[in-house]
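Chemist: This is the structure I want to talk about, given as structure tokens.
Just so you know, all these numbers are worked out from the coordinates, no wet-lab data involved. This is a predicted model, so every value here is computed, not measured. Positions of Cβ are backbone-derived with ideal geometry, glycine not excepted, and every protein chain shown enters the neighbour counts.
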Amino acid sequence: MAEQIDAPAAEAWPPRVPDRLVEPRHPGRWVGGVLLVAVVLALVWSVATNPKLHWQSVGEFLFSPTILGGLVTTVVLACLSMLIGIGIGLLMALLRSSANPVARVFAGGYIWLVRGTPLLVQVLVWGNLALFTERIFIGIPGTDLYLLDYSTNNLITPFVASVLALSINEGAYMAEVFRGGLLAIDRGQHEAVAALGLSRLQGLRKVILPQVVRVITPPTGNQFINMLKMTSLVSVIAGGDLLTQAQNISAGNLRTFELLIVASIWYLAVTSIATIGQYLLERRMDHSTRRPRTVAVANEPAGEPA
């Protein structure tokens, strides 16, 4: 018996290909983009053609040995302060998550105090510590013997004061970064450490911290980039950084704005390099944690012989 097919169904085959979707036009975007580019070009042109700017001075001092020396000091200061800050931050994060209430209160008070006061104030305090105490010493009670006795000005140089201020300030923020990383670890990982019979220190070193590092890499990179720029604050105590050297030169030739442009160019250069390094590091860690894809092959049953 022949199969009957409804007329509408027969007419619907083959299925009708839908028309290509036409995206709506957005003339406002183009107008806004053109206006934005025009404003930026106008600002650049006004700065470039300003007769009060002596661009030859910018080129003259861009690679000046004094400026390059300040640049090296800035990078060393940022790296050293960041490393110390990471160590302080890890310690404070562990103390804040400790079962000891005294440790928790101490870590919480440190974070509250450092984060609640401006970094510039902290730099000035460390730079003028000699006004508070003329000597720094550690003595044996009841005797005239001293294990350490130095003049404050000789011990706390501008560079040392800069490292202390930047690293202690960074430690408070890194403590919160580490604490966020520790909270991101599943509780089952801590239970696995206990089940394996590992001590807390062994569990942190072998199981927990490797996972925390992957979590905190992006915010730590951002903190380091910010640190490169925050080093400019130590110029108020003549820390020998890039901005300090630029100000010293401008004090002699009165080319203040030109030297600020020189310093800004180098700050942009080092932060751009740090940004690229952060991107490459995040990409490498993302590839190392990505699971390899597996291809499932379905074995079809062999057909029966005819």
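Chemist: To the nearest 20 Debye, how big is the dipole of the chain about its Cα centre, given +1 on the beta carbon of each Lys and Arg and -1 on that of each Asp and Glu? Numbers along the way, then the final one.
Modeler: Working: 22 positive and 19 negative charges, 98 e Å.
Here the size comes out at about 480 debye.
Chemist: Once segment 40-136 is represented by equal point scatterers at the alpha-carbon sites, with solvent omitted, what log10 I(q)/I(0) does the Debye formula produce at q = 0.13, 0.22, 0.23 Å⁻¹?
Modeler: Results for segment 40-136 at q = 0.13, 0.22, 0.23 Å⁻¹ read -0.80, -1.16, -1.18.
Chemist: Convert each backbone phi in segment 60-75 into a coupling constant with the Karplus relation 6.51 cos²θ - 1.76 cosθ + 1.60 (shift: θ = phi - 60°), then list the ³J(HN,Hα) values in order as whole Hz, x for Gly and Pro.
Modeler: 5, 9, 4, 10, 5, x, 5, 5, 5, x, x, 5, 4, 4, 4, 5
Chemist: Cut-off 10 angstrom, C-alpha nodes, Gaussian network model of the chain. Which of Y173, Y110, Y146 fluctuates the most?
Modeler: Y146
Chemist: At 7 Å along Cα-to-Cβ for each site, give me the label-to-label distance between L280 and N253 in nm.
Modeler: The answer from the label model is 3.4 nm.
Chemist: In nm, to one decimal, how far is the modelled label at L35 from the one at S199, with both set 7 Å along Cα→Cβ?
Modeler: 6.7 nm
Chemist: A further question follows. Show me 178-189, 88-99, 38-49 ranked by packing, highest mean number of other Cβ atoms within 10 Å first. Please report the intermediate quantities before stating the final value.
Modeler: On the way: 178-189: 14.9, 88-99: 18.6, 38-49: 9.9.
Ranking the peptides 178-189, 88-99, 38-49 by packing returns 88-99, 178-189, 38-49.
Chemist: Going by average Cβ density within 10 Å per residue, which order do the peptides 111-120, 211-220 take, highest to lowest? Write down the numbers at each step before the final one.
Modeler: Working: 111-120: 13.6, 211-220: 17.7.
Averaged packing, sorted descending, gives the order 211-220, 111-120.
Chemist: When ranked by the protection proxy of mean other Cβ atoms within 10 Å per residue, highest first, what sequence do the peptides 63-71, 230-238 form? Don't skip to the end; give the middle numbers.
Modeler: Numbers: 63-71: 15.4, 230-238: 20.4.
Going from most to least packed, we get 230-238, 63-71.
Chemist: If you don't mind, there's one more thing I want to ask. Out of every Cα pair in the chain, what percent are spaced more than 32 Å from each other?
Modeler: Numbers: 26173 of 46665 pairs.
Counting pairs separated by more than 32 Å, the tail of P(r) holds 56 percent.
Chemist: Moving on. Suppose each label sits 7 Å from its Cα in the direction of the beta carbon; what would the S151-K206 distance come out to in nanometres?
Modeler: The modelled label-to-label distance comes out at 5.3 nm.
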